[in-house]
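Peer 1: Got a structure for you, questions after.
The values are calculated or read from the model by the stated rules, or taken from the named source; none is laboratory data. It should be emphasised that the depicted structure is a prediction, and the values quoted were computed from it without experimental measurement. As a convention, Cβ positions derive from the backbone with ideal geometry for all residues, glycine included, and neighbour counts pool all protein chains shown. To get the accessible areas, we keep the full protein, side chains included, count just its heavy atoms, and leave off ligands, DNA and RNA. Shrake-Rupley method; radii C 1.70, N 1.55, O 1.52, S 1.80 Å.
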Amino acid sequence: MVSRSGNSAPLTAPADLMRCAEGAIVVSAYLEPHWVAFTDIIGAPLLREDERYRTSETRIHNRSVLLAEMGNRLATRTASEWEKLLDATEQIA
């Protein structure tokens, strides 16, 4: 049985409500092509090389650390700014 997980999707990662400098966005980048594009957009392609985040399973297992790292990046812009960047690359924000 899956337990409650707040705004997170319990069986995928990242799939969470993320705070930005102002506002918040929902990030759903658990499929590999979306994960690759998302890490490029937020300027963190090295996250893909980190063993903790290399696969969907390892991202789920290391969710709390991953969310902290993503949160640091997302805090550098407003939700509106991230939405524009994500929209421009046809990623969903």
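Peer 1: Being hydrophobic (A, V, I, L, M, F, W, C), surrounded by fewer than 18 Cβ atoms within 10 Å (Cβ to Cβ) and modelled with pLDDT of 95 or more is the filter here, so list the residues in segment 27-56 that pass it.
Peer 2: First, the residues of segment 27-56 that are hydrophobic (A, V, I, L, M, F, W, C): 27, 29, 31, 35-38, 41-42, 44, 46-47.
From what's left, surrounded by fewer than 18 Cβ atoms within 10 Å (Cβ to Cβ): 31, 36-37, 44, 46.
Matches in segment 27-56: 44, 46.
Peer 1: Working only within segment 1-24, note down all residues that are modelled with pLDDT of 90 or more and either under 13 Å from residue 73 (Cα atoms) or in a loop (DSSP other than H, G, I, E, B) (or both).
Peer 2: 14, 18, 19, 20, 21, 22, 23, 24
Peer 1: Looking at (1) more than 16 Å from residue 28 (Cα to Cα); (2) open to solvent by less than 50 Å² (accessible area, probe 1.4 Å); (3) in contact with a helix residue (DSSP H, G or I) (Cβ under 7 Å, 6 or more places away or on another chain), find the lone condition where residue 65 falls short.
Peer 2: Evaluating residue 65 over (1) more than 16 Å from residue 28 (Cα to Cα); (2) open to solvent by less than 50 Å² (accessible area, probe 1.4 Å); (3) in contact with a helix residue (DSSP H, G or I) (Cβ under 7 Å, 6 or more places away or on another chain) leaves (2) as the failure.
Peer 1: Any idea which residue in segment 42-61 is nearest to residue 16 (Cα to Cα), counting only those that are touching a residue at least 12 places away in the same chain (Cβ under 8 Å) and in contact with a helix residue (DSSP H, G or I) (Cβ under 6 Å, 6 or more places away or on another chain)? Steps first, answer last, please.
Peer 2: Within segment 42-61, the subset touching a residue at least 12 places away in the same chain (Cβ under 8 Å) is 42-44, 47-48, 52-53, 56, 59-60.
Within this subset, residues satisfying the condition of being in contact with a helix residue (DSSP H, G or I) (Cβ under 6 Å, 6 or more places away or on another chain) are 42, 44, 47-48, 52-53, 59.
Numbers: 42: 15, 44: 17, 47: 17, 48: 18, 52: 18, 53: 15, 59: 12 Å.
This residue is 59.
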